[in-house]
1. I'd like to know if segment B:92-113 contains one or more residues that are more than 14 Å from every other protein chain (Cβ to nearest Cβ), buried (at least 20 other Cβ atoms within 10 Å of the Cβ) and in contact (Cβ under 8 Å) with a residue 24 or more places away in the chain.
2. Please work out which residue is farthest from DNA strand C (Cβ to nearest atom), limiting yourself to segment A:43-58 and to residues that are more than 23 Å from the chain's Cα centre (by Cα) and over 16 Å from A:Leu71 (Cα atoms).
3. List pairs: first in segment A:46-58 and crowded, with 17+ Cβ neighbours inside 10 Å, second outside any helix (DSSP H, G or I), Cβ under 6 Å, 6+ apart or cross-chain?
4. Where in segment B:112-211 are there helices (runs of 4 or more DSSP H), lying fully within it, with 2 or more residues that are touching a Ser or Thr at 6+ places or on another chain (Cβ under 9 Å)?
5. Taking B:Lys119 as the residue in question, decide whether it is more than 9 Å from chain A (Cβ to nearest Cβ), touching a residue at least 24 places away in the same chain (Cβ under 8 Å) and under 15 Å from B:Ile86 (Cβ atoms).
6. A:Lys119: under 30 Å from B:His74 (Cβ atoms), in contact with a strand residue (DSSP E or B) (Cβ under 8 Å, 6 or more places away or on another chain) and charged (D, E, K, R), yes or no?
7. How many of the residues in segment A:37-46 are more than 9 Å from chain B (Cβ to nearest Cβ) and either under 16 Å from B:Pro178 (Cβ atoms) or touching a Cys at 6+ places or on another chain (Cβ under 9 Å) (or both)?
8. So B:Met1 fits all but one of (1) hydrophobic (A, V, I, L, M, F, W, C); (2) within 21 Å of the chain's Cα centre (by Cα); (3) at pLDDT 95 or above; what number is the exception?
2 protein chains.
Amino acid sequence: MKDLPHKTIERLSQYRRALLLCLDKGKTHIYSHEIAKIQHITAVQVRRDLMLIGYTGTLRKGYNVKELIDLIGHIIDSEEGINVAIVGMGNLGRALINYFAGKRSKLKIVAGFDINPDKIGNIMSGVPCFSLDEMPEVIAARNIKVGIMTVPADFASDTANALVKAGIKGILNYTPKPVNVPKEVYLEEYDMITTLEKVAFYVKMQEEEES
Amino acid sequence: MKDLPHKTIERLSQYRRALLLCLDKGKTHIYSHEIAKIQHITAVQVRRDLMLIGYTGTLRKGYNVKELIDLIGHIIDSEEGINVAIVGMGNLGRALINYFAGKRSKLKIVAGFDINPDKIGNIMSGVPCFSLDEMPEVIAARNIKVGIMTVPADFASDTANALVKAGIKGILNYTPKPVNVPKEVYLEEYDMITTLEKVAFYVKMQEEEES
DNA sequence: GAAATTTTGTTAATATTTTAACATTGTTAA
DNA sequence: TTAACAATGTTAAAATATTAACAAAATTTC
């Protein structure tokens, strides 16, 4: 499973989310073209992804929703679950916590860190907030593997270093400033401004095309 | 410029951000490998992207930071600027507004919408908040082209429909639920959960490899 | 002033990702 | 019962994206 295409991994996560909604609606089976419609992709791509993970549906009945959810879980989730910390309990940090609240996922946000004394010691949306000094102990004690960075840009680099030093294995950086980490730490940069600029670019293009 | 690769568009936005920081530091020239280092990509890729936009640097001196910033601006920005609205002034909506505050970009968040009467009529981080009923008029009056959706998942579909009806040209959906829009509206789905699940997957993979 | 070095710009090769094509097989319908 | 249909699974082709290779030229070093 190690060599699944990166894009397939992303889509599996998305398929699962869509499938969970279907399950809630009482749907037991689903066709590749239904999944495709939801995700704005083609049915071939869905079938290809499922082929890659070795799942086979029923001809003319489609895929068993429950089975598929479980299989995707076996592939992308860690069996014991993975604990996550958020550094920066500002608007973005809290937004992410709320996103996850209630989701019965193998991913659990178990700690938050902030510099603001008013926040430290509190429990915010179910997540206890610690000071930055406590990072090494908290990360070790709670077996935290992944860190999400939602601090202001100026603190990006220091935060990344602190996370690495504390033994984190993966970082998701929401800061607009790219950071450097040793190669054994998996790093995903996600820049919200870029996404918006991209949308604006294609809107502009479309307008210019029309005129 | 229409046929620049999608990935190049994204990277141009990122290059510009990096270049702006360099400019602040007083750097006048930069090498392709320096840009590459910041963005965690290869120098060849940087040079190739710049080739595609027809920018040429100075041999052995690198690229002129100021010039390059301007050129990227000419390519990805709309000359008159593009106005943006945020629907959902919760944590995520406010986080995005703060991200943009102070950035002298051609993209301006000029209106927010929310369902909460306590927020309506207020100015939040410099952005006035309107009720959903006012959407058509506000979007028309303020010439808003792009809408960012930061509402709870249950409102995703209705919000998208309302934005389309109001004449929006591009939508950036931060909701975990994909939406449908007519094909003339540019849609970018961005799912924060997927990104985190991806990081967790690769962390898990690395651990399994080690054992 | 010649050789070595460094950096750009570009073409060619490789790798990845998506899409097309189609064989297969249950199911429905005539 | 047999033909038409609708869905899966898979191989092959096409499109997209990245990386390698290298020529050209300015700068530095000897």
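1. Checking segment B:92-113: at least one residue is more than 14 Å from every other protein chain (Cβ to nearest Cβ), buried (at least 20 other Cβ atoms within 10 Å of the Cβ) and in contact (Cβ under 8 Å) with a residue 24 or more places away in the chain.
2. A:Ala43
3. Close Cβ pairs (under 6 Å, with a partner that is outside any helix (DSSP H, G or I)) amount to A:Gly57/A:Tyr63.
4. It comes to B:156-165, B:192-210.
5. Yes, satisfied.
6. When the stated conditions are applied, A:Lys119 does not pass them.
7. So the count comes out to 5.
8. All conditions are met except number (3).
The values are calculated or read from the model by the stated rules, or taken from the named source; none is laboratory data. Not measured: the values here are computed from a predicted model. So basically every Cβ, Gly included, is an ideal-geometry build from the backbone, and we count neighbours across all protein chains shown.
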